[in-house]
Amino acid sequence: MSDATNSDAGHRLKPLTPATLRELSVRSNVRGSVQSLGHYGVIMLMGALIFFVSSSWGVLWALPLMVVQGYVVAFLFMAVHETAHKTAFRSRGLNLGVGYLSAFIIGLPYEYYCLFHWDHHRYTQDPERDPELIVGVKPTSDTRLALAYSGLLQVAGRLRLMLGHAITGKVVVPWIPESKRSTIVAEARAYVALYALLLALSLWFSSALLLWVWIVPLIIGQCFLRPYLYAEHTGCDRTRSAFQNTRTTYTGAIVKWFAWNMPYHVEHHAYPSIPFHALPKLNAIVDGEIVHRGRGYIRTTRETWAWFRRQRQAG
């Protein structure tokens, strides 16, 4: 993806010099490996604790651990996102390996997401062409809004789409070009086959292990991931400027770590070639350009919730 520029009059174009951009755009196998191994290490640790506690004292005692596991597993979305940009690692093979694995775990076909996300960057906040707005839930009541913030509607929608691709062999969404549709169908069928195999093995061994360490946490984790994702663009301007159509949310170190520094989202949209580990440095340079600033995710979620309600009442 090319770096975004701003075509809006009165806004300074590209606040980085070419030399600084080259310096910040250097990708690192080491930084990517530390980040991904750390993320997966926490998942494996929490999975082991869930297994131990549920086996020793029962599933109910493991529920708090499942909540933590849910947050960590759901935020593998960030690994999928960074590897979709091919910026997590210098090595293309490592980007693809971590991307495919993470995408499989969260139920989001990797090749499909890469194409979806490409158009999101090209048409950010364009209601006619931004895939995130096209498939986005448009709540007609507070109940529907709460369901949207739970993330369950979104997960159900993408699983339904994946099954549709696998069963019908047809892809009709506009962000998938004709030349890629056979790839998306093959990918969906591979995902469905692997999920079916894991289900069959779990039934064969009469094991609920995957349910408690993976499936249930993944569902719980959407309650954390979806409000985070709504913070990225909700209520921002519908312009071509990344500094105006995207929000950077200032939050704690733990959140930034599990989110692969994507709370620096204005910075990412303005310069998508810059890898996750350089975004804090980029923020120090462009901070004065940022229009929409979130002050923590609790406060920002209240603001995005209020924005959705105002939109519903207005229209």
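Below, the figures for the structure above:
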read-out: Per-region count, region 142-181, residues of a type in the set (Ser, Thr, Tyr) and free of Cβ contacts under 8 Å to residues at least 60 places away in the same chain; value: 3
read-out: Residue in region 193-237 that is nearest to the chain's Cα centre (by Cα), counting only those that are of a type in the set (A, V, I, L, M, F, W, C), outside any helix (DSSP H, G or I) and surrounded by fewer than 18 Cβ atoms within 10 Å (Cβ to Cβ); value: 208
read-out: Enumeration of residues in region 12-37 that are part of a helix (DSSP H, G or I), in contact (Cβ under 8 Å) with a residue 12 or more places away in the chain and open to solvent by less than 70 Å² (accessible area, probe 1.4 Å); value: 20, 21, 24, 29, 32, 33, 35, 36
read-out: Top-ranked residue of region 144-176 - restricted to ones that are in contact with a Lys or Arg (Cβ under 7 Å, 6 or more places away or on another chain) and farther than 18 Å from residue 228 by Cβ, ranked as surrounded by the most Cβ atoms within 10 Å (Cβ to Cβ); value: 171
read-out: Subset of region 283-297 that is among the β-branched types (Val, Ile, Thr) and in a helix (DSSP H, G or I) - its residue that is farthest from residue 20 (Cα to Cα); value: 286
read-out: Residue match in region 104-118 (condition: among the small types (Gly, Ala, Ser) and either crowded, with 18+ Cβ neighbours inside 10 Å or without any contact (Cβ under 8 Å) to a residue 60 or more places away in the chain (or both)); value: no
read-out: Count - residues of region 55-96 that are part of a helix (DSSP H, G or I), open to solvent by 10 Å² or more (accessible area, probe 1.4 Å), closer than 25 Å to residue 264 by Cα and of a type outside the set (A, V, I, L, M, F, W, C); value: 2
read-out: Among residues of region 127-140, those that are more than 15 Å from the chain's Cα centre (by Cα) and open to solvent by 40 Å² or more (accessible area, probe 1.4 Å), counted; value: 6
read-out: Test: residue 124 is farther than 25 Å from residue 264 by Cβ and part of a loop (DSSP other than H, G, I, E, B); value: no
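Table: residues versus (1) of a type in the set (Val, Ile, Thr); (2) over 30 Å from residue 142 (Cα atoms); (3) open to solvent by 80 Å² or more (accessible area, probe 1.4 Å).
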position	(1), (2), (3)
248	yes, no, no
252	no, no, no
262	no, no, no
284	no, yes, yes
292	no, no, no
301	yes, no, no
304	yes, no, no
314	no, no, yes
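The values are calculated or read from the model by the stated rules, or taken from the named source; none is laboratory data. Note that the structure is predicted; figures quoted are calculated from it, not measured. Ideal geometry is used to build each Cβ from the backbone, glycine not excepted, and the neighbour counts take in all protein chains shown. In case anyone asks, the SASA skips ligands and DNA or RNA and just uses the protein heavy atoms, side chains included. Shrake-Rupley method; radii C 1.70, N 1.55, O 1.52, S 1.80 Å.
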